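*Asks:* Okay, here's the structure, questions in a sec.
Readers should treat all values here as calculations from the given coordinates under stated rules, not as data from a laboratory. The model shown is predicted, which means the values in this text are computed figures rather than measured ones. Positions of Cβ are backbone-derived with ideal geometry, glycine not excepted, and every protein chain shown enters the neighbour counts.
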Amino acid sequence: MTGTPNTSLTIDTHHHILPDVFWQATENATAPVGGLAPLRWSREASISFMDDAGIDVAVVSLSTPGVHTGDSAKARALARRCNEFSAQLVHARPDRFGGFACLPLPDVDASLEELSYALDILKLDGVVLFTNSNGPPVVDRPGEYTCPTARMVSLRRLADRIQPYRTKRGAGVGPDGQGPEP
């Protein structure tokens, strides 16, 4: 070896958080949204896991189904609280954490507003989008975004992660923005 220090990092870009504010807002501590009851999340437990797994930095994000569980006003408030939680985590430990914003999709106007807040004010690193948010898919073909929020993410050249999510057939909105999915 020539004495060159190892400058490589192991970065986990699929590191989910479920902060207490999420549990409180969804009122689903015993039967959580999404059907699985993961362990309670904490910064300390997350760092311990990262250390055990050899992960240097984790980019945190919420998993499916995200913050929108049927009520747009509640989804906007929950996205804001979860993004502020992520930003506090990142600012407290920038050596260990980055953060992807969550958005209250399918509410496009609120999502565009939250996207600006999360990136421009909170300084989060990017955004997580779900393949479907009770509407048309986010991407029709590789690089071709159908959702206005996803188009904005692309235009801003943001880091994004597309999280797989399938809604129940007939529960979403069809491609024309009206009625159920085909």
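*Asks:* Residue separation times 0.36 nm, minus the C-alpha to C-alpha distance between THR69 and ILE47: what's the value? Before the final figure, lay out each step's value.
*Replies:* On the way: separation 22, 0.36 × 22 = 7.92 nm, distance 2.91 nm.
Value of the extension gain: 5.0 nm.
*Asks:* So, one more: Can you check what the net charge comes to around ALA118, using other residues whose Cβ is under 11 Å from the Cβ of ALA118 (Lys, Arg +1; Asp, Glu -1)?
*Replies:* Values: positive: ARG80, LYS123; negative: GLU84, GLU113, GLU114, ASP120, ASP125.
That sum, taken over residues with Cβ under 11 Å, equals -3.
*Asks:* Given H placed 1.01 Å from N in the peptide plane, which residues other than close sequence neighbours of LEU62 have an amide H under 5 Å from its amide H?
*Replies:* Under 5 Å from the amide H of LEU62: ILE17.
*Asks:* What does the charge count near PRO94 come to, summing +1 for each Lys or Arg and -1 for each Asp or Glu among other residues with Cβ under 11 Å from its Cβ? Could the numbers behind the result be given before it?
*Replies:* On the way: positive: ARG93, ARG96, LYS123; negative: ASP95, ASP125.
Around PRO94, the surrounding residues sum to +1.
*Asks:* With label points built 7 Å along Cα→Cβ from the Cα atoms of ASP95 and THR13, find their separation and express it in nm.
*Replies:* 2.5 nm
*Asks:* Counting only residues 5 or more places away or on other chains, whose amide H sits under 5 Å from the amide H of PHE97 once H atoms are built in the peptide plane?
*Replies:* Here the answer is ALA58, since their amide H atoms fall under 5 Å of that of PHE97.
*Asks:* Could you derive backbone 3J(HN,Hα) for region 11-19 from the dihedral phi with the Karplus parameters 6.51, -1.76 and 1.60 (θ = phi - 60°), listing whole Hz in sequence and x where the residue is Gly or Pro?
*Replies:* Per residue, the Karplus-derived 3J(HN,Hα) values read 10, 9, 9, 10, 10, 7, 10, 9, x Hz.
*Asks:* Just want the ordering: ILE55, ILE17, ILE121, from fewest to most Cβ atoms lying within 10 Å of their own Cβ.
*Replies:* On the way: ILE55 17, ILE17 21, ILE121 11.
Starting with the residue having the fewest Cβ neighbours, the order is ILE121, ILE55, ILE17.
*Asks:* Per residue of region 49-58, what does 6.51 cos²θ - 1.76 cosθ + 1.60 with θ = phi - 60° give for ³J(HN,Hα)? Whole Hz please, x for Gly and Pro, Karplus curve as stated.
*Replies:* Rounded to whole hertz, the list is 4, 4, 4, 4, 8, x, 8, 7, 9, 10.
*Asks:* Please give the contour-minus-distance gain from ASP20 to GLU113: 0.36 nm per residue of separation, less the Cα-Cα distance, rounded to one decimal in nm. Kindly include the intermediate steps, with their values, before the conclusion.
*Replies:* On the way: separation 93, 0.36 × 93 = 33.48 nm, distance 2.37 nm.
Between ASP20 and GLU113, full extension yields 31.1 nm more.
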